[in-house]
Amino acid sequence: MHRTQEQQLLSSELLPSNSMEYIDDDEQNNNLQQQSIKQEIQPLKCSNPIVNRQSLLPAYPTFDRFGPINRDHLLLSNISSRNLTKEQRQRRTYHPFHQPFTLTDEGNDISVRSPFLEVYDDLYGNLTKRFQIDNAILSYNYERLRTCMNIMVQERIRYGLLASDTIGMKELRMVEYPLAMEFYLQIDDELFFMKTCSFRNAKPSLYNHHGIFSIHEPKALYGLKPCEQVTCRFCFPITDILIRGRQNQPVVQFSSAQKHRFVNGYESILNCPVTCITKNILYALTCPCGQYDYIGYTSLTLDEQLKYHREHGNRIMHEFILGSENSSRMRQQTKSQEELIADNMLLYKHSARCSYAMQMFLDCNPQYWCFVPMSTMEAQTQNLTSDLSSVCTAFDRSLTFPSNIHSCHDQEAGAYMTDLPPLPSENHTFSVHQRSKQIQLLKDKRECLKPNLHLDLYNATIIALMPEGYTELFYRLIEALFITHAQTKLNTLGHLDGMIVENNNCNDINARTVNDRRGNWCQNLVRRPSTLLFDQ
Ligand SMILES: [Zn+2]
Ligand SMILES: [Zn+2]
């Protein structure tokens with residue numbers, strides 16, 4: 001595993017409890033208990049304080065700072081003037097706010113200019129000109145952005161992703177504030193549209209805008225374009241389904257003008273031109289079920305980052321089907337820190353419990369079908385139609401009469417069979433044919449029980465480009481803002497409004513506990529006829 005990738009994961013998702021050194025005793029006891037219940041999931045204790053998502057959006061200064069912000073007060077920089085209400089338009093046009101400070105530069109008179117005025121220029125002077133807003137609006141929103149930052153930092157400290165005493169890690173560098181503000185002011189309640197973006201070949205002049213405000217309907221101009229390199233798996237996908245793992249579904253959709261729509265309806269217009277090999281990006285993953293998504297930051301390219309998701313996603317599907325006992329017996333070594341972290345990520349847990357993702361996995365890995373329980377009816381039908389004579393012999397010898405087991409291969413296969421995960425319900429079972437297939441695989445062909453690592457379990461896209469050379473904290477802040485407003489259900493961390501991830505039920509704190517039940521996972525799966533190496 002690539003070192004940077006490892007760091008990416010460590011910093012973007014949660015660590016297992018043993019790496020959190022600062023937690024208090026009670027928490028530690030709790031964690032020990034949880035660890036002793038093997039494979040139980042750590043509840044997410046963090047729940048950020050629950051706040052109204054609107055109160056984290058850019059807004060006009062208002063006195064009712066602690067009360068609910070109504071939509072009229074939001075900055076709404078991506079809404080064209082035509083679509084504003086009268087009150088909203090007035091606020092945008094006149095914004096008569098009491099200025100928090102005035103600053104006069106008398107430097108010309110005495111030929112000494114305070115170097116600190118440059119800081120003022122960076123944080124205020126230049127921005128008020130470029131964005132056509134005043135110091136009051138800027139100050140008010142710096143304060144709101146700081147609130148977002150504080151919530152994020154507290155969460156990361158709680159998870160051991162930031163040491164609580166690391167000086168200088170909890171603040172952005174001074175030069176990063178203006179750009180953080182530029183992102184922040186253009187995150188509306190329904191749309192991210194960074195029309196003023198001027199880094200990495202973006203041209204703000206292409207847009208018709210008045211400072212920070214859209215004059216006309218926001219329109220996407222930059223696309224996600226193919227890199228055209230022959231080795232690129234997005235530009236030149238492999239056609240063999242067993243290698244590529246997907247049927248007619250490209251992982252990445254190219255477009256000449258990209259606007260991404262998240263599951264909750266939030267939209268995001270690409271801020272710079274990109275190709276599939278652009279590095280330092282925010283990307284979104286959407287499950288083929290269309291109901292769950294995830295946002296991540298990576299300093300790598302999308303493909304490099306997806307390789308990492310494929311590795312863990314497919315491994316976790318394999319472990320889910322065969323059960324944790326069996327998979328650890330097969331791997332014969334303890335899991336790495338990185339794998340333990342990945343095991344706890346909602347992203348991968350969802351795939352294993354989602355029939356769309358599971359179907360895709362099984363289409364591409366038909367050797368696992370015999371471990372997918374059937375309804376009792378289906379099994380009976382199969383038992384009646386298949387030729388049982390040869391099957392029964394193998395089955396009886398290995399299982400029904402254990403005293404007859406001769407070789408250690410038989411014994412081992414028997415142990416594997418006993419440790420298969422429990423059936424989803426009493427209406428589920430394995431057919432005789434499946435049992436015999438299982439024995440065959442577990443006895444002599446265990447090497448076939450490996451997932452195809454080419455399969456992408458999620459559709460992927462790039463949603464925003466990050467500036468080069470900024471700090472990790474900056475990237476994580478922007479990532480968290482996106483996670484918060486797109487309300488992505490598969491991000492464990494980053495919901496600054498304290499959204500409860502799993503059930504999306506804000507009133508129930510316990511719902512934040514990651515549910516590890518298996519559910520009726522084999523429901524709705526279609527056993528496609530396989531003309532390939534392995535039958536069902
Ligand atoms: Zn490409
Ligand atoms: Zn899904």
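Of the residues making up the range 219-246, those that are away from ligand 1 (no atom under 13 Å from the Cβ), more than 24 Å from the chain's Cα centre (by Cα) and either modelled with pLDDT under 90 or over 23 Å from Thr275 (Cβ atoms) (or both) are Ile238, Thr239, Asp240, Ile241, Leu242, Ile243. With respect to the conditions (1) modelled with pLDDT under 50; (2) surrounded by 15 or more Cβ atoms within 10 Å (Cβ to Cβ), Pro402 falls short on a single one, namely (2). The residues of the range 78-98 that are of a type in the set (Val, Ile, Thr) and either touching a Pro at 6+ places or on another chain (Cβ under 8 Å) or assigned to a helix (DSSP H, G or I) (or both) amount to a single one, Thr93. I'd like to check something: does the range 291-299 contain any residue that is more than 17 Å from Leu455 (Cβ to Cβ), surrounded by fewer than 22 Cβ atoms within 10 Å (Cβ to Cβ) and within 16 Å of ligand 2 (Cβ to nearest atom)? Yes, the range 291-299 contains a residue that is more than 17 Å from Leu455 (Cβ to Cβ), surrounded by fewer than 22 Cβ atoms within 10 Å (Cβ to Cβ) and within 16 Å of ligand 2 (Cβ to nearest atom). When Lys307 is tested against (1) closer than 19 Å to Trp521 by Cα; (2) within 16 Å of ligand 1 (Cβ to nearest atom), only condition (1) is not met.
Across the range 42-94, the qualifying residues are those that are polar (S, T, N, Q) and under 30 Å from Ile341 (Cβ atoms), and the one among them that is modelled with the lowest pLDDT is Gln42.
Scanning the range 165-189 for residues that are exposed (fewer than 14 other Cβ atoms within 10 Å of the Cβ) and either part of a loop (DSSP other than H, G, I, E, B) or small (Gly, Ala, Ser) (or both) yields a total of 5.
Being among the β-branched types (Val, Ile, Thr) and surrounded by fewer than 16 Cβ atoms within 10 Å (Cβ to Cβ) is the requirement here; does Ile277 meet it?
no
The values are calculated or read from the model by the stated rules, or taken from the named source; none is laboratory data. Owing to the predicted nature of the structure, the values given are computational and were not obtained by experimental measurement. Here Cβ is always computed from backbone atoms with ideal geometry, including for glycine, and neighbour counts include all displayed protein chains.
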